[in-house]
Structures are given as structure tokens and as C-alpha cells.
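Peer 1: Input: one structure, supplied below.
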Amino acid sequence: MTAPITPPLVRMQSLHKSYGPAMQVLKGLDIEMQPGERLVVIGPSGGGKSTLLRVMMGLEKIDRGSITFGGKPYISSDGLDKKTNIDTEVRRSIGMVFQHYTLFPHLNVVENLILAPCKVRKERKSDATERAVGLLTRFGLAAKAKAYPAQLSGGQKQRVAIARALMLDPKLMLFDEVTSALDPELVAEVEQVILQLAAQKMPMMIVTHDMWFAKNIASRVIFCAGGVVVEDGPPEQVLGSPKEERTRDFIDRVFHIRQ
Amino acid sequence: MALDFSIILRFQDALLLGLWMTLKLTLICVILGCTLGFLVGLARTSRSVMLRTISGVYVDFFRGTPVLIQLFWIFFCLPLILGIELSNLASGVIALTLYMGAITSETFRASLKSVGPEQLDACIALGLPRRIQVTNVILPQAVLRAIPTLLSNCVSLFKESALVSAVGMADLMFVGQNISNNTAQPVEVLTIVALIYFIIAFPLTRAVSLIERRILAKLAI
Ligand SMILES: Nc1ncnc2c1ncn2[C@@H]1O[C@H](COP(=O)(O)OP(=O)(O)O)[C@@H](O)[C@H]1O
Ligand SMILES: [Mg+2]
């Protein structure tokens with residue numbers, strides 16, 4: 001029996017990114033992600049993890065390299081002129097949640113959720129609201145539908161941010177340390193929501209420093225340092241018994257425990 | 001010397017007429033000036049170098065020179081340049097609108113800048129087109145944040161408008177000065193005039209801090 005040939009969901013090739021000449025952050029990344037994979041990216045602070053996700057979201061220009069998404073060209077730059085080509089149509093199929101709260105403070109929770117569906121996809125307000133309430137109910141936030149972001153806890157804000165991204169039916173979700181600004185007791189409620197999504201086979205790229213979460217969510221782990229991929233493999237390997245010295249050092253230092 | 005405040009009763013009508021002129025002038029210039037300031041604030045944050053330069057020169061000029069000189073200039077030089085007679089009210093409106101526009105443009109510019117880059121990141125991640133980013137995300141937040149300072153700007157304008165008396169406009173200050181000259185009771189008359197200004201300005205300044213707290217509470221995320 002031959003498996004059907006599906007293109008990788010994401011293929012990054014020779015990704016280079018710098019912030020000015022003295023700050024080379026991504027130095028030629030090659031990462032492939034298969035449909036259904038949940039990629040956890042770990043690595044030292046300042047190693048370029050956020051930059052990687054921001055590039056993937058189309059928020060940053062690149063110096064050189066390319067990304068395809070579902071087999072289609074998404075981002076490319078040939079390194080000659082300073083231009084980065086981003087296919088905004090492809091970008092719409094990617095959602096992102098940030099470390100810092102990025103809800104729109106002047107809109108209530110439902111308005112936050114339906115803004116993009118109504119304005120981008122021209123969905124009817126009543127339809128979008130119905131879907132929004134459905135999602136909020138699923139995330140235990142039905143009572144907060146009319147609340148403003150300032151009236152929510154950090155954990156609630158991040159769950160709303162996740163729901164807001166899901167309103168656009170993304171084919172890939174990016175999570176950049178979405179629990180690191182939270183009080184410890186609020187971390188679990190956000191991670192549970194992401195685990196719920198994982199159970200529904202949502203492809204995702206996750207940057208986290210939470211060992212427990214990394215282990216439970218990852219189908220694959222990448223250790224990034226110095227702008228390159230140092231180690232790439234299943235979670236048991238990269239988190240449990242890393243092959244590379246640098247990965248071992250990092251995991252010992254950051255997670256303290258290793259199985 | 002005994003102070004006699006009963007003169008207010010004799011000149012009640014004149015004072016009310018003057019107050020009406022002051023209020024009318026302030027109100028017109030608040031509306032026109034805020035509109036101008038909003039547009040200039042946008043121009044100052046625009047990508048066009050020319051728009052930024054022109055608006056920058058305008059704001060610097062009107063913030064850096066005394067309002068009194070601006071008034072004299074508009075009242076006496078502008079008609080010469082334009083070759084037409086302007087009514088007192090028209091001249092006053094033009095002068096104070098230009099002044100108010102310069103002041104409020106700074107308010108709008110600061111509030112536009114206070115909408116952080118992470119809000120734009122969120123907009124892009126949601127695929128919002130540029131026009132929607134501006135009209136539905138940036139401007140509403142910027143305007144909300146501008147409201148307390150704008151109110152302060154309005155109170156300032158209300159008080160600064162007394163300067164138009166120097167170019168012969170019959171506002172509250174002008175009427176007050178006239179009465180005080182004619183009655184030789186400057187202490188009583190000017191105290192009363194000051195009280196009238198205060199009674200109107202004070203609740204507004206109080207409202208500013210109240211609204212400020214409300215808005216901050218709402219926008220703090
Ligand atoms: N907008 C920027 N301008 C200049 N330097 C930046 C910018 N964003 C990030 N950097 C730098 O790039 C490096 C990588 O940052 P980042 O991708 O945030 O790393 P990580 O998320 O792994 O901690 C850091 O040294 C950081 O200071
Ligand atoms: Mg980071």
C-alpha cells in the first residue's frame with residue numbers, strides 16, 4: 001500500500017533574518033512540518049524563537065530564503081533587493097497568539113472575536129456572533145461575552161485571544177510563550193485549551209518554557225540556538241535524552257529535570 | 001474702601017452678552033480646532049515627508065508664538081494680504097481655530113502613538129486590511145485616549161479666548177474691562193468676571209479627571 005503523497009504543511013528553506021547588520025538572528029533555518037504535527041520550539045532566550053514565529057506569521061521581513069505553506073509559495077526573498085514577498089491570502093490561513101495580551105481594549109470579548117470575520121470574510125454579524133458564543137462556551141468563557149479585556153484575568157485574555165484566532169478557521173496556529181506573562185495559577189487553564197485543540201488535530205507551532213506542557217503537546221521538538229536548528233526529533237529524544245551536548249546543557253539548566 | 005458688588009446687577013445684561021460671545025467663539029473654535037487638529041495629527045504621523053514637514057512647521061509656529069501676536073496678525077495683516085474685510089468674529093474664529101488646531105494636533109499625535117505596535121501585530125495576524133486597522137482599531141483607541149487631554153485643551157481655549165478683547169471683540173473680558181473703566185470699580189468688576197470664567201471652567205476641569213479615570217480603567221489591558 002502506498003501512502004498518498006501530501007506536501008509538507010510548512011517548508012522553510014534557508015531562512016535568514018537580521019535586525020540590522022550587527023544582529024543576525026536566523027542563520028539559515030530549514031524546517032519542514034507535516035500536516036497534523038505539533039512542533040514545539042525550545043531554546044535559549046534571544047535565540048530567535050519569537051522571530052521565527054513572527055516570520056512565519058508574515059509580521060517580519062526576511063533577508064533570504066523561502067517558506068511554502070501546503071505546497072503553495074508563501075514567503076520568499078531572493079536576498080538581492082530588500083523585498084520580501086508575502087502571499088497575504090496564504091497568511092489568512094495562519095493564526096497566532098502572542099506572549100503579551102493583544103486583545104483590542106476598546107472592544108468587548110464578542111466584538112474582538114467577530115471583527116475579523118465580519119470585516120475580512122464579510123460574514124453576517126449574527127452568524128459570526130453565534131459562532132463566537134459557541135467558541136466562548138467551549139472555552140468556559142460564555143459569561144464573559146460582553147466583558148471588556150480590562151475586566152478579564154490574564155488567563156481569560158489569552159483564552160479569548162485563542163478563540164479570536166480560531167474564528168478564522170486557521171490551518172496552522174502559532175503560540176509564542178502564551179503563558180509566560182501569566183500568574184502560575186492561571187497557566188493550566190490556557191494550556192488546557194491548547195491541549196483541547198491538539199486533540200482535534202490542529203497543526204501548531206509552539207514556543208514554550210514549560211516542560212510539562214512541551215511534553216504533553218509536542219509531536220516533535222526542535223531545539224534552536226544561535227540562529228540554527230541544533231536538534232530536531234520526537235519529544236522523548238529531545239527532551240528526554242538529547243543527542244547534542246548543547247541541548248543537554250539547555251535542558252538541564254532550564255528544566256532541571258530530565259528523564 | 002468698601003467693595004460694592006451690587007454693580008453686577010446694573011450690568012447684568014452686558015455681561016451676559018459678553019459671556020454669550022465668549023461661549024460662541026469657544027464652541028465654534030473647539031469644533032473647528034479639534035477637526036483641524038485631528039487632521040494635522042494624522043498628517044504628522046503620515047508616511048509622506050511633505051505632509052509631515054508642512055504640518056510640523058505649522059504646529060511649531062503656532063505653539064511657539066504668543067497667541068496675542070497671532071491674534072493681532074490675523075486681525076490686521078490677514079485682511080491686507082487677502083484684500084477683504086473680515087468681521088471681528090470671523091477673524092477671532094480663524095485665529096483661535098489655528099491656535100487650537102496646533103495644540104490639539106499634539107494631543108492626537110501623542111494618542112495615536114500610544115496605540116502600541118502589538119495592536120498592529122494582532123491586526124495583521126487577523127488579516128485585517130489596512131483601512132480596517134485604522135478605522136476600527138487604531139483611531140477608536142487613539143480618540144478615546146485623547147478625550148481627557150482634549151477637554152483640558154478646551155478649557156484652556158475658553159480662558160485664552162479672553163485675549164480677543166485686546167483686538168476689540170466684545171467678549172466677556174472686553175465687556176468687563178469696559179464696565180470697570182466706566183465705573184472705576186475694577187476690583188469688583190474683574191473679580192466678578194473671573195468668577196464667571198471659573199464657574200464654567202471648574203466643572204470641566206473636574207470632569208477631565210473623572211473621564212480620565214474612566215477611560216484608563218477601560219483601556220488598561
Ligand atoms: N525588532 C527588533 N529589533 C532589533 N532586534 C531585535 C528585534 N526583535 C528581536 N531582536 C533581537 O533578536 C534576537 C532574537 O530575539 P527573539 O526572536 O525575540 O528571541 P527569543 O524569542 O528566542 O527569546 C534577540 O537578541 C533580540 O534582542
Ligand atoms: Mg520570545
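Peer 1: May I ask you to derive the relative contact order of region B:7-219, considering only C-alpha pairs under 8 Å and at least 6 residues apart, and to give it as an integer percent?
Peer 2: Taking the mean separation of contacting Cα pairs over the length of region B:7-219, I get 29 percent.
Peer 1: In the calculated pair distance distribution of region A:102-170, what percentage of Cα-Cα distances lie above 17 Å? Spell out each step's value before the answer.
Peer 2: Details: 707 of 2346 pairs.
Result: 30 percent of Cα pairs exceed 17 Å.
Peer 1: With the cut-off at 1.5 for a/c, could you classify region B:118-221 from its C-alpha gyration tensor as rounded, prolate or oblate?
Peer 2: Prolate, since a/c reaches 1.5 and a/b exceeds b/c.
Peer 1: On average, how many beta carbons from a partner chain sit within 10 Å of the beta carbon of a residue in B:126-133?
Peer 2: Per residue, the average neighbour count from other chains is 5.
Peer 1: How long are the semi-axes of the ellipsoid equivalent to chain A, from square roots of 5 times the Cα gyration tensor eigenvalues, in whole Å, largest first?
Peer 2: 30, 23, 18
Peer 1: Would you please give the FRET efficiency between A:Gln151 and A:Thr88, computed as 1/(1 + (r/R0)^6) with r the Cβ-Cβ distance and R0 = 45 Å, to the nearest 0.05?
Peer 2: Details: r = 33 Å, r/R0 = 0.74.
Given R0 = 45 Å and the Cβ-Cβ separation, E is 0.85.
Peer 1: Quick one: order A:Ile94, B:Ile28, B:Ile199 from most to least accessible surface, probe 1.4 Å. Don't jump to the answer; show the numbers that get you there.
Peer 2: On the way: A:Ile94 5, B:Ile28 60, B:Ile199 110 Å².
Accessible-area ranking of A:Ile94, B:Ile28, B:Ile199, largest first: B:Ile199, B:Ile28, A:Ile94.
Peer 1: Under a straight-distance cross-link criterion of Cα-Cα below 14 Å, which aspartates and glutamates are reachable from A:Lys144, leaving out those fewer than 8 residues away in the same chain?
Peer 2: Straight-distance partners of A:Lys144: A:Glu111.
Peer 1: Now, a different point. Tell me the relative contact order for chain A as a rounded percent, counting alpha carbon contacts under 8 Å between residues six or more apart. Walk me through the numbers on the way to the answer.
Peer 2: Details: 481 pairs, mean separation 59.1, N = 259.
About 23 percent, as a whole number.
Peer 1: Other chains near A:157-165: what is the mean number of their Cβ atoms within 10 Å of each residue's Cβ?
Peer 2: Values: counts 1, 0, 0, 0, 2, 0, 0, 3, 3.
The mean count of partner-chain Cβ atoms within 10 Å per residue comes to 1.
Peer 1: Can you give me the three principal axis dimensions of the protein assembly as shown from its C-alpha atoms, in Å, biggest first?
Peer 2: The Cα atoms of the protein assembly as shown stretch 107, 51, 46 Å along their principal axes.
Peer 1: In the structure displayed, which of A:Lys215/A:Lys243; A:Lys49/A:Lys171; A:Lys49/A:Lys119; A:Lys17/A:Lys171 lie more than 28 Å apart, Cα to Cα?
Peer 2: A:Lys49/A:Lys119
Peer 1: Oh, and also: Express as a percent, rounded to the nearest 5, the fraction of DSSP beta bridges in chain A (both residues included) that run antiparallel.
Peer 2: 60
Peer 1: What does the convex hull of the alpha-carbon atoms of region A:72-193 project to on average, in nm²?
Peer 2: 9.0
Peer 1: Going by accessible area, probe 1.4 Å, with all protein chains left in place, what is the ranking of A:His100, A:His16, largest first?
Peer 2: Correct descending sequence by accessible area is A:His100, A:His16.
Peer 1: Taking every eigenvalue of the Cα gyration tensor of chain B, multiplying by 5 and rooting it, what semi-axes result, largest first, whole Å?
Peer 2: The equivalent ellipsoid of chain B has semi-axes of 40, 23, 11 Å.
Peer 1: So which lysines can B:Lys113 reach, going by Cα to Cα under 20 Å and dropping same-chain residues fewer than 8 places off?
Peer 2: Correct list for B:Lys113: B:Lys218.
The values are calculated or read from the model by the stated rules, or taken from the named source; none is laboratory data. What you see is a predicted model, and the numbers here were worked out from it, not measured in a lab. Heads up, the Cβs are rebuilt from the backbone with ideal geometry, glycines too, and the neighbour counts pull from every protein chain shown. Quick note on the areas: whole protein, heavy atoms, side chains included, nothing else; ligands and nucleic acids left out. Shrake-Rupley method; radii C 1.70, N 1.55, O 1.52, S 1.80 Å.
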